[in-house]
Amino acid sequence: MIRRMKSAVAAYISLALTLQCLAQAPATVYLGFLERRGPKAKEWDERPEGAFPRVRLAFQHRDGRWKPVRHDAKDSEELRASVTWYPKSLHWIVASGGRQAGTLTTQPIEPDHYGDIAIQRIETSAEIPPASGPEAPWAGLASYAPLVVVTGPHFADPEGWKPDKPEPQLWASLSKHFQQLLRAGVPVNEVEGTEVNVYKFQCGRPPQFHRGYKSRDGRRLIALDVRPCRIPTPKDAEVETTASYYYWYVNEEGKATPLGSDLELIAIGDYDGDGLSEALFAFSSGDNHDAYLLFTGRFSQNAIFRWGYH
């Protein structure tokens with residue numbers, strides 16, 4: 001009997017939070033990431049204001065377009081004041097695999113560290129899936145892949161993106177195309193700083209397929225292993241520019257568009273309800289800056305939320 005009552009209460013809380021999400025959806029849709037703990041996060045667990053799990057608010061959809069929320073604190077005083085930049089309370093749906101995986105209510109913290117910009121403390125929650133799976137360096141110093149959280153009711157993937165590997169004949173053609181583009185020069189995320197500069201890759205042998213996805217209408221996302229390639233770095237550069245993987249978007253006609261280096265795909269879904277899917281990526285430099293990236297409009301537009309740690 002007690003177990004049934006607990007299940008009923010959890011279901012009621014989940015329903016109530018979902019209805020709150022739906023009620024706040026029409027004006028502005030906010031999108032963030034549920035960052036989860038692991039061994040790498042222990043030092044951050046000592047500070048209650050930024051402890052895991054937590055939500056990092058990253059994007060907002062308003063007036064028909066996505067843009068990052070404000071995150072440009074110039075000094076410690078402005079950093080502490082950043083708590084006023086965000087809504088006092090947000091009700092979230094946790095999305096995983098195109099389905100609702102839970103609900104959250106959060107409030108913004110007053111950060112003391114630049115790495116805590118736009119962090120939201122979880123106040124109430126229901127049905128949050130526990131962190132599991134392989135650990136890896138993720139944005140936000142988390143060590144598990146983040147989950148998407150959204151204040152609106154939309155999170156399914158109408159374009160039907162699925163893992164996929166091109167057949168050998170198609171891959172031979174795409175590989176040649178990728179090599180031509182790499183030699184001509186593509187944008188690369190710098191290890192230090194927030195710059196994205198164009199570099200011409202020098203590949204001793206053809207880059208290999210690393211990971212791929214295909215939409216229902218035949219468009220593709222492909223991550224290329226570019227570790228066999230060298231990136232010529234200016235002589236006056238303090239740090240050598242490197243890249244391990246490179247993501248591309250390939251349209252129906254086979255034309256490839258470079259998306260960026262060392263990105264990790266988080267999720268694909270339609271989060272603004274326009275019938276087109278958004279693709280969400282994370283970038284972790286392993287040094288002083290991380291980022292979340294949102295591609296929309298069939299990869300014709302993007303928004304970037306960046307932050308540093310000191």
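Coordinate-derived values only; no laboratory data. From a predicted model like this one, the values you see are computed outputs, not experimental measurements. Cβ coordinates were reconstructed from backbone atoms using ideal geometry, including for glycine residues, and neighbour counts include every protein chain displayed.
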Problem - Contour minus Cα-Cα distance for E78 and S132 (0.36 nm per residue) - result: 15.9 nm
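Which pairs break 32 Å Cα to Cα here: K67/K162; K88/K214; K74/K255; K214/K235; K176/K235?
Cα-Cα > 32 Å for K88/K214; K74/K255; K214/K235; rest within.
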Practice task
Give me the distance between the Cα centres of the range 246-292 and the range 93-124, rounded to whole Å.
Solution key: 21 Å
Problem - Residues whose placed amide H lies under 5 Å from that of G185, excluding near-sequence neighbours - result: F201
Exercise for the section: Could you list D112, D63, D270 in order of exposure, starting from the residue whose Cβ has the fewest other Cβ atoms within 10 Å? Expected result: D63, D112, D270
Handout entry: Pairs of alpha carbons in the range 162-263 whose separation is greater than 18 Å (percent)
Key = 44 percent
Exercise for the section: For each of I117, I231, count neighbouring Cβ atoms within 10 Å of the residue's Cβ, then give the residues from fewest to most. Expected result: I231, I117
Handout entry: Order of C229, C203 - criterion: other Cβ atoms within 10 Å of each residue's Cβ, fewest first
Key = C203, C229
Handout entry: log10 of Debye I(q)/I(0), alpha-carbon scatterers only, for the range 91-182 at 0.11, 0.14, 0.21, 0.26 Å⁻¹
Key = -0.54, -0.76, -1.14, -1.34
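What is the extension gain from Q301 to H210, computed as 0.36 nm multiplied by their sequence separation minus the C-alpha to C-alpha distance, in nm to one decimal? Could you put the intermediate results ahead of the total?
Values: separation 91, 0.36 × 91 = 32.76 nm, distance 2.44 nm.
Length gained, Q301 through H210: 30.3 nm.
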Handout entry: Per-pair calculated FRET efficiency, R0 = 25 Å: E123 and T28 via Cβ, rounded to 0.05
Key = 0.80
